[in-house]
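Please treat every number below as a calculation from the coordinates, not as lab data. It should be emphasised that the depicted structure is a prediction, and the values quoted were computed from it without experimental measurement. Here Cβ is always computed from backbone atoms with ideal geometry, including for glycine, and neighbour counts include all displayed protein chains.
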Amino acid sequence: MIISLQGAAPIAVGHRRHVYQHPDDPGLLIKVMRADNRPRHWYHALWYRRLARTGPYATYMREFTECLASRRYAKEPSPLVRIVGLVDTDIGLGLVAERVAGRDGDLAPSLAAMVREQGMTPAIASLINRLFDEVLRHYVIVSDLRAENVVHGTDSAGGPRLVIVDGFGPTNRLPLNGVSRRYDVRRTRRQFDRLRVQLAQLARQRDPLAVTAPAPSASRAG
């Protein structure tokens, strides 16, 4: 069965993929590679990335792998969005993921949207600290931990909580991730430190005159 998405409006747009509501299940989303960005992200990619047998779908494989690893290292709810499977659509192969819902039932707001609306509050800082601990416990490798790739809402595992919906899985040229846990922890700390810098910038843009107390650095945790 091929799902028809031609002409449907995406509910979210990422750097590499469009995100659509699954037409047959309100609890699921379908992520499809953007045709307009495929030449830049694949055909013009570095040579060693173009060697992947899965081609531009290597991103799908990375996300599947991280979800499996997360289930192996901890039994509690994963900090990653739940990947359901693959589906054929009339605009390309789609990755099916669980929909994370906000309090109003709509799509869960991103961490970036929360800080733009509320500022960098102690409650948000606490959520980030909790997410950092969960990422370490689940031994999850994050490669692009931007505020737009993290949402706050509820899924089948519970909530509300922070869930990473994109930007996870190793992208290094050399297979360093997953080989040394000490290396992975250091890299995770750097990812969270960069996230905090981004959030501080968003908070200043919201209120340039506000004095925001710095959040505890992730580099002290773990």
Run through all the Cα pairs of the stretch 12-214 and give the fraction in each 10 Å bin from 0, expressed as whole percent.
-> 8, 33, 37, 20, 3, 0
For the stretch 10-23, what does the Karplus curve 6.51 cos²θ - 1.76 cosθ + 1.60, with θ = phi - 60°, yield as ³J(HN,Hα) per residue in whole Hz, taken in order and with x for Gly and Pro?
-> x, 8, 7, 10, x, 5, 10, 9, 9, 10, 10, 5, 5, x
Sparsely packed GluC sites (Glu not before Pro) within the stretch 106-166, loop by DSSP, other Cβ within 10 Å at most 11 | none
For the stretch 12-214, averaging the sequence separation of alpha carbon pairs under 8 Å that lie six or more residues apart and dividing by its residue count, the contact order in percent is 20 percent
